[in-house]
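Working notes, structure below.
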Amino acid sequence: MISDQPIRDRVTHDHETLFAVDAGAGTGKTTLLVSRLIALLVEKKASLSRIAAITFTEKAAAELAERLRAKLEESLVKQPDHKALILQAIEDMEKAPISTIHSFCAGLLREYPVEAGVDPQFTLLDEVQSRAFEAQAWEHWLKTSLSKPVEPLFHFQRLGGAFEHLEELKQFLKRNRTLLNLESAKLLPALEPLRDQLKAFVAMTKKEAGQCAKSDDSLYKTLEGFWASWEALASLPAEDFGFELANFKIPKVGNKGAQGNWGKERLAALRDGFVKLAEDHQAALAPFKDAVVLNLVRWIWDYFTEWDEQKTKGGFLDFDDLLLKTRDLLLKHPEVREELKSRFDYLFVDEFQDTDPLQVEIVFFLGEKLRKNEKDWKKVKLEAGKLFLVGDPKQSIYRFRRADVAIYEATKERILANGGRVEVLSENFRTVSTLVEWVNGLFVTQFEGTGIQYNPLTASRKAGTTEGTLPLLWGLKIPKSPDEKPSKGALRQWEAEWTAAFLQDLLKSGLTVSDPKTHEKRPVRPGDIALLFRDLSNDTEEAWEEALRRRGLSYQIVGGKRFYNRPEIVALSTLLTCLSSPADEAATVALLRSPIFGFSDEELFMHRAAGGSFQFQKVARGKVGEAFKILREWFKATRSLAV
């Protein structure tokens with residue numbers, strides 16, 4: 001019996017209640033998502049095209065769609081009474097909005113380009129493209145802005161700021177500008193009170209130093225350096241004084257000074273005086289530094305206007321734009337919001353712990369009751385049963401993308417305030433009980449003070465019942481190479497050969513593992529084995545491929561570099577180049593010489609010597625002419641068939 005089965009049943013079949021589900025790793029959240037989707041289709045006769053399922057990554061969206069299709073096909077056999085509904089759902093799979101939040105938003109913006117103020121054919125910049133395009137815009141803006149003195153930047157540099165800091169600040173503002181309320185520019189506050197305090201303190205210490213018994217006392221030496229620094233500071237003109245005062249260091253005297261040289265009370269007073277002076281110095285300068293940074297932020301803020309204009313001119317949007325413009329579309333156009341609320345009967349959101357403020361607003365605006373138009377998402381009245389959120393606050397790792405686990409916790413509070421429920425899945429199907437018990441014991445205290453409650457897990461897999469016979473740790477000692485002075489490449493090949501031989505024996509050994517899906521014991525398969533490399537260079541990849549291939553071991557390379565160097569891939573790339581540029585004779589010659597057509601250099605020379613060209617759109621004789629005819633058919637297909 002699954003310990004949290006009543007919760008799973010309630011979440012699956014209660015369609016009139018809002019749910020936020022905390023589901024830790026291995027608790028079967030994707031299975032639960034699919035089960036609730038199937039139940040909606042069968043029990044509520046909901047249409048899959050009216051259910052939006054939003055995930056965090058493309059991979060997760062593809063997995064959810066794949067699992068849903070498989071479950072639907074399985075339901076055809078198990079629930080024959082609902083055959084028509086299930087068949088309709090399978091047909092709707094192609095247009096079902098199961099996607100990432102960014103893909104979902106892109107679709108809405110293309111549907112309402114006028115209201116959203118975007119080019120309907122906008123190009124979405126990925127992170128690499130966005131950084132490159134933004135770098136160009138930033139460089140251009142800097143050159144234009146710095147053609148005349150920029151006081152905010154000058155002040156920032158006077159405080160020790162560098163262009164690297166400027167870049168960091170700009171990137172921070174770029175990521176978070178939708179969350180910031182920019183204040184107006186500030187005048188730099190006067191620092192005369194602090195200057196007077198320092199002047200008085202210097203005078204006091206000089207007077208007290210006259211009572212020191214020895215001039216080589218450590219505190220006395222520190223005071224001499226302090227006085228010299230103050231004299232240099234006090235001699236500066238008024239316009240420089242404030243910035244140098246901000247960089248002025250108050251000495252940390254600690255336990256400096258001998259009591260016998262100063263006297264107990266005088267020494268204690270001097271030490272305490274330095275501590276208080278440092279605190280007052282920091283407190284007095286905080287508003288000064290804040291004003292400098294705020295004025296710099298306001299200067300940088302003008303750059304974002306140009307950045308947005310450049311993107312608009314080019315018809316570009318980045319990932320942040322998708323969220324911001326979709327939020328604004330729903331916020332500023334109630335008629336669009338009402339239409340979209342009517343379109344989607346149910347909203348599923350996975351990995352909600354990694355959401356950011358804009359995503360929360362979008363989800364809540366779409367989950368709002370009809371004929372309502374609340375501006376603040378925290379005041380939205382949600383439609384009963386419409387929202388289903390799944391997340392795990394312990395896995396919130398995207399703070400650099402503005403994700404904040406506090407938002408997830410606030411969202412759960414709003415679900416409860418709207419009459420919904422917050423449920424916790426505790427049954428873990430992935431990990432054996434001994435490890436689960438260890439994790440529970442360790443992490444129950446690790447989350448104290450974080451605002452995240454650790455919910456102990458219960459292991460579905462009992463120790464000793466599902467583990468295979470394959471040892472957890474296995475040391476492989478590779479014999480010394482027979483070569484007296486082997487090269488680096490020879491050693492690499494030797495290691496690959498011995499490891500491949502070991503794997504071949506392992507796969508024939510009869511040792512078992514626990515199947516990751518069924519948790520039943522079965523013999524080891526090639527797919528259970530991963531080979532990890534510090535650097536998968538071409539030479540390394542070639543050595544290991546040859547060793548594995550010689551022993552008939554199937555493998556798949558992830559992140560390899562030799563794939564595009566393989567003859568068949570080079571030939572395919574050449575074909576695509578040729579078809580995209582029919583006038584490129586060099587590409588046509590390369591294609592004719594490739595394995596696709598296999599012409600020899602002699603045959604191609606004879607064709608040219610006979611007055612022939614290598615533009616395949618022209619008619620030619622012989623075998624080359626036959627190849628050109630095929631190329632013309634393929635070229636025509638590229639202009640008429642969808643990708």
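Some values worked out for this structure:
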{"quantity": "Kirkwood-type radius of region 192-248, with distances r between different C-alpha atoms, in Å", "calculated": "12.3 Å"}
{"quantity": "Net lengthening on full extension, LYS375/ALA132 (0.36 nm per residue, minus Cα-Cα)", "calculated": "84.0 nm"}
{"quantity": "Residues in region 144-158 reached by a label modelled at GLU309 [backbone nitrogen below 16 Å; 7 Å Cα→Cβ]", "calculated": "144-147"}
{"quantity": "Gain in span if fully extended, VAL77 to LYS332, counting 0.36 nm per residue against the direct Cα distance", "calculated": "87.1 nm"}
{"quantity": "LYS517-ALA583 FRET efficiency (beta carbon distance; Förster radius 41 Å; 0.05 resolution)", "calculated": "0.20"}
{"quantity": "Listed peptides 20-27, 471-478, 105-112, 84-91 by packing density, highest first (mean Cβ within 10 Å)", "calculated": "20-27, 105-112, 84-91, 471-478"}
{"quantity": "C-alpha long axis of helix 538-550 to longest principal axis of the chain, angle in °", "calculated": "40 degrees"}
{"quantity": "Cβ-based net charge around ASP308, under 12 Å, with every Lys or Arg adding one and every Asp or Glu removing one", "calculated": "-2"}
{"quantity": "17 Å reach of a label modelled at GLN211, 7 Å along Cα-to-Cβ, counting backbone N of region 252-291", "calculated": "257-274"}
{"quantity": "Cα Rg, Dmax (largest Cα-Cα span) when computed across region 481-521, Å", "calculated": "16.3, 50"}
{"quantity": "Contact order normalised by residue count of the chain, Cα under 8 Å, 6+ apart, percent", "calculated": "17 percent"}
{"quantity": "Label-to-label distance, nm, for residues given as LEU87 and ASP240 (7 Å Cα→Cβ offset)", "calculated": "8.9 nm"}
{"quantity": "Label-point separation, LYS623 to LYS95 (7 Å along Cα→Cβ), nm", "calculated": "5.1 nm"}
{"quantity": "Size of charge dipole - region 394-545 - debye, nearest 20, with Cβ of Lys, Arg +1 and Asp, Glu -1, no other charges", "calculated": "420 debye"}
{"quantity": "Per residue Cα convex hull volume in Å³ - calculated over region 76-208", "calculated": "293 Å³"}
{"quantity": "Per-pair calculated FRET efficiency, R0 = 25 Å: LYS508 and GLN556 via Cβ, rounded to 0.05", "calculated": "0.75"}
{"quantity": "Extension gain, ARG266 back to ALA185 (0.36 nm per residue minus Cα-Cα distance, nm)", "calculated": "24.6 nm"}
{"quantity": "Using alpha-carbon coordinates, inclination of helix 488-508 to the longest axis of the chain, degrees", "calculated": "60 degrees"}
{"quantity": "Whole-number accessible area per residue in Å² for region 1-75, which is evaluated in the context of all protein chains at 1.4 Å", "calculated": "40 Å²"}
{"quantity": "Reachable lysines, given that their alpha-carbon falls under 26 Å from the alpha-carbon of LYS276 and they are not under 8 places away in the same chain", "calculated": "LYS199, LYS206, LYS207, LYS214, LYS221, LYS249, LYS252, LYS256, LYS264, LYS289"}
{"quantity": "Per-q log10 I(q)/I(0), region 451-519, q = 0.21, 0.27, 0.29 Å⁻¹ (Debye; single scatterer per alpha-carbon; no solvent)", "calculated": "-0.98, -1.22, -1.28"}
{"quantity": "Solvent-accessible heavy-atom area per residue, rounded to whole Å², over region 404-481 at 1.4 Å", "calculated": "62 Å²"}
{"quantity": "Surface/4 estimate of mean projected area, convex hull on alpha-carbon atoms of the chain, nm²", "calculated": "48.4 nm²"}
{"quantity": "Fraction of accessible area attributable to carbon and sulfur, region 60-123 (%, probe 1.4 Å)", "calculated": "52 percent"}
{"quantity": "Apportionment of accessible area to carbon and sulfur, region 548-599, percent (1.4 Å)", "calculated": "56 percent"}
{"quantity": "Förster radius 56 Å - calculated FRET efficiency between LYS485 and HIS165, Cβ distance, rounded to 0.05", "calculated": "0.60"}
{"quantity": "Whole-percent carbon and sulfur share, accessible surface of region 306-444, 1.4 Å", "calculated": "53 percent"}
{"quantity": "Cα-derived Rg over Rh, computed across region 505-639 with Rh taken as Kirkwood radius", "calculated": "1.22"}
{"quantity": "Size of electric dipole in region 540-643: Cβ of Lys, Arg +1 and of Asp, Glu -1, about Cα centre, debye, nearest 20", "calculated": "280 debye"}
{"quantity": "Within the chain, helix-based [θ] at 222 nm, where runs of 4 or more DSSP H residues each add -39,500 (n - 2.57), nearest 500", "calculated": "-18000 deg cm²/dmol"}
{"quantity": "Antiparallel bridges, percent of DSSP beta bridges restricted to the chain (to nearest 5)", "calculated": "15 percent"}
{"quantity": "Crossing angle, helix 264-314 versus the chain [Cα axis fit, 0-90 degrees, rounded to tens]", "calculated": "40 degrees"}
{"quantity": "Accessible solvent surface per residue of region 498-637, calculated while the other protein chains remain in place, 1.4 angstrom probe, Å²", "calculated": "65 Å²"}
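The values are calculated or read from the model by the stated rules, or taken from the named source; none is laboratory data. Just so it is clear, the model here is predicted, and its values are computed rather than measured. Positions of Cβ are backbone-derived with ideal geometry, glycine not excepted, and every protein chain shown enters the neighbour counts. Side chains are part of the model used for accessible areas, which takes the heavy atoms of the whole protein and leaves out ligands, DNA and RNA. Shrake-Rupley method; radii C 1.70, N 1.55, O 1.52, S 1.80 Å.
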